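Step one of this worksheet: look at the structure below.
The values are calculated or read from the model by the stated rules, or taken from the named source; none is laboratory data. What you see is a predicted model, and the numbers here were worked out from it, not measured in a lab. Every residue, glycine as well, gets a Cβ built from its backbone with ideal geometry; the counts of neighbours run over all protein chains shown.
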Amino acid sequence: MKQRWLGIPPALLLLILSALVLVLALGIGTTSIDVLAIFHPTEIIWRVRFPRVALAALAGAGLSVAGATLQALLQNPLADPYVVGVSGGAALGGVAALVLGFTHPFAVPVFAFAGALAATLLVLSLAGQRAYADPVVLLLVGVVFNAFASALVTFLKTIVTATKAQEILFWLMGVISVEENSTLLVLGIYVGMAILALWLAAGVLDLLALGNDEATALGLPVERARAWVFGAAALLVGGIVAVCGMIGFVGLVVPHVFRRLIGARHALLIPACALGGAVFLVIADALARLTFFAFAAEIPVGVITAFVGGPFFLSMLLKKVA
Amino acid sequence: MMLWLLSLFIVQSGSGAEWVGRPPTHIQRIVSLAPSTTELLFALGVGNRVVGVTRFDDYPPQIAGLPRVGGFVDPDPEAVLALKPDLAVAIPTSSGRKRVDLLARLGVPVLVVSATRLGDLWHAIDTLGSTLHVENAAAALTKRLQEGLQKIARQYRDKKHKRVLMIVGRKPLVAAGGGTYLDDLLAAAGARNVVTSGGAFPILDMEAIAALDPDVIVDMAMSHENDGVAFWENHTLLRAVRNKRVRFIADESVLRLGPRLLDSARLMVEAVQF
């Protein structure tokens, strides 16, 4: 917090930037661009764009905080809900709910959460203690799990009806669609509470990031703390994947940038990642809307985050290997 | 609550059409969410009320300057809403109900007309005719198409029915099976579909095709015909290939269940009978 820019504290700067991006994003649509649209809002702004921008902000904040959390837990800067397979597990859970024919509104999120949790446990136990010694092992296990999960999703897609198959396809590529206000409200409470819980646990995350031995030496009941924080991250990812499908790399890019800018203390990092993740995904989704002008079709937002995140991930990996 | 309200407006109007949202009374601006429904609207003489079409639309020529609102699987809600339509016309697609429900929620009623079997076309014309108050044009269109089809069918009724395989995709090999409009079209052209099981569009492999042993293969996979020729000539284990009985229909309209039905039927006759 020591650095200032034109005398403005970074926290305030980030808030102003976030607000600015949200306003600009509301002005970018598939039919018109008017950055000042917020000052003369039309029906389209309120009923179509606002729900999209709100969902993108929620999902971006949640995925980014989940990424920061996983990175601390696994002591691995390359961890991301998508990369380590948590998103894949959530998608698999959601698809299972669809294939089994559960129609209750909470069936898909509950199954997605169970899938995220199961994937986390499986990836962790497969990677075992080696994960903490060698970060690449965890990534490899995550990659294999993701490949397996998407093969399983594709298998399920083949054996169901065409309508269900299209619904399933949505899980494989993240999309920010126009959801009902009630869905946004529930997701907002859910994501907000999970982020708040992780923020309150910032001190624990700081200790966990030091490594098991150090954290134990400093008096932290490591196993129990890890279980709780993992649970919160899985809950976050499960809820978001249930509504938006798999959107990758948000949880990788955003925490990395902020760790550089403001340091690794989670009391600052968690709220900064929440705001920064929201801004990142809102911009990516606005870009997705812009593609409509060129193709009369929208590129799924997951494709855009992968375009940004893929090269970013590789460059980080190269630095690690070199 | 919203969902419950919405479900009240889902009124079944005949077996082949469904309203999502409250049926409008006064219709001046229509967005068509499928190329086949666009063609129907123009054939019924209400093309001047069509204000938006999909990115796949290419017929009739009058649609050239119209705004594109996305595809039939992925209509963009903002692009539709911006055109301020009184009605959107759609066909059921593999994307399920979500997109259509969203449009209805945003205040655009959607008429979904089935487009699976030939019989669905008569329902669609009838429903559009009564919804848009052009009943006479609808009746005339149905009469013209049905009589034309009967005339074609009469010509080939007494001939020996060839056994035909209809291909709609090459990689993977996708055939048109029973329960499809193409199956009905083939029957009208005086031939029999060799694919009778595996659903509407089963994926086959070469071995399965060799076992079905069709007299004629009609390839409607819309790509360059030379690619198709090169593809099939390697598979000499098929009798139809050895006998040079692989025919191509490169006109995409044959896959659309719309007012150009008789052209499609003639293309199918040419492919299987000559």
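Just to verify a result, which residue in the range A:286-298, among those that are without any contact (Cβ under 8 Å) to a residue 40 or more places away in the chain and more than 17 Å from A:LEU55 (Cβ to Cβ), is surrounded by the most Cβ atoms within 10 Å (Cβ to Cβ)? Even if it seems obvious, please write down each step before you answer.
First, the residues of the range A:286-298 that are without any contact (Cβ under 8 Å) to a residue 40 or more places away in the chain: A:287, A:291, A:294-297.
After this cut, where a residue has to be more than 17 Å from A:LEU55 (Cβ to Cβ) as well, the list is A:291, A:294-297.
On the way: A:THR291: 16, A:ALA294: 8, A:PHE295: 12, A:ALA296: 20, A:ALA297: 17.
The selected residue is A:ALA296.
The rows are residues; the columns are (1) in contact with an Asp or Glu (Cβ under 7 Å, 6 or more places away or on another chain); (2) crowded, with 24+ Cβ neighbours inside 10 Å; (3) within 14 Å of chain B (Cβ to nearest Cβ).
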{"site": "A:ILE38", "(1), (2), (3)": "no, no, no"}
{"site": "A:LEU55", "(1), (2), (3)": "yes, yes, yes"}
{"site": "A:ALA59", "(1), (2), (3)": "no, yes, no"}
{"site": "A:LEU63", "(1), (2), (3)": "no, yes, no"}
{"site": "A:GLY67", "(1), (2), (3)": "yes, yes, no"}
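Does at least one position in the range B:198-207 carry a residue that is assigned to a helix (DSSP H, G or I) and loosely packed, with under 14 Cβ neighbours inside 10 Å?
Yes - at least one qualifying residue is present in the range B:198-207.
I'd like to verify a number: residues in the range B:20-71 that are within 14 Å of chain A (Cβ to nearest Cβ), over 25 Å from A:VAL175 (Cβ atoms), within 20 Å of the chain's Cα centre (by Cα) and assigned to a loop (DSSP other than H, G, I, E, B), how many?
Summing the residues that are within 14 Å of chain A (Cβ to nearest Cβ), over 25 Å from A:VAL175 (Cβ atoms), within 20 Å of the chain's Cα centre (by Cα) and assigned to a loop (DSSP other than H, G, I, E, B) in the range B:20-71 gives 1.
If A:LEU317 satisfies every condition in (1) in contact with a helix residue (DSSP H, G or I) (Cβ under 7 Å, 6 or more places away or on another chain); (2) in contact (Cβ under 8 Å) with a residue 40 or more places away in the chain but one, which is the exception?
It is condition (1) that A:LEU317 fails.
When you check A:LEU169 against the structure, is it in contact with a Lys or Arg (Cβ under 9 Å, 6 or more places away or on another chain), at pLDDT below 80 and buried (at least 23 other Cβ atoms within 10 Å of the Cβ), yes or no?
Details: in contact with a Lys or Arg (Cβ under 9 Å, 6 or more places away or on another chain): yes; at pLDDT below 80: yes; buried (at least 23 other Cβ atoms within 10 Å of the Cβ): no.
No, not satisfied.
Taking A:TRP228, is it within 18 Å of the chain's Cα centre (by Cα), away from chain B (no Cβ under 14 Å) and either among the polar types (S, T, N, Q) or surrounded by fewer than 19 Cβ atoms within 10 Å (Cβ to Cβ) (or both)? So that I can check it myself, show each step before the final result.
Values: within 18 Å of the chain's Cα centre (by Cα): no; away from chain B (no Cβ under 14 Å): yes; either among the polar types (S, T, N, Q) or surrounded by fewer than 19 Cβ atoms within 10 Å (Cβ to Cβ) (or both): yes.
In short, no.
From the list A:VAL95, A:VAL65, A:VAL23, exactly one residue is part of a helix (DSSP H, G or I) and free of Cβ contacts under 8 Å to residues at least 60 places away in the same chain. Which is it?
Details: A:VAL95 fails: free of Cβ contacts under 8 Å to residues at least 60 places away in the same chain; A:VAL65 fails: free of Cβ contacts under 8 Å to residues at least 60 places away in the same chain.
When all the criteria are applied, what remains is A:VAL23.
Does B:VAL272 fit the bill of being hydrophobic (A, V, I, L, M, F, W, C) and either under 30 Å from B:ASP126 (Cα atoms) or in contact (Cβ under 8 Å) with a residue 60 or more places away in the chain (or both)? Give the derivation first.
Numbers: hydrophobic (A, V, I, L, M, F, W, C): yes; either under 30 Å from B:ASP126 (Cα atoms) or in contact (Cβ under 8 Å) with a residue 60 or more places away in the chain (or both): yes.
For B:VAL272, the condition - hydrophobic (A, V, I, L, M, F, W, C) and either under 30 Å from B:ASP126 (Cα atoms) or in contact (Cβ under 8 Å) with a residue 60 or more places away in the chain (or both) - is met.
Please go through the range B:72-113 and pick out each residue that is among the aliphatic types (A, V, I, L, M) and within 8 Å of another protein chain (Cβ to nearest Cβ).
Initially, the range B:72-113 is screened for residues among the aliphatic types (A, V, I, L, M), giving B:73, B:79-83, B:87-91, B:100, B:102-104, B:106, B:108, B:110-113.
Hits for the range B:72-113 are B:VAL73, B:ALA79, B:LEU81, B:ALA82, B:LEU102, B:LEU106.
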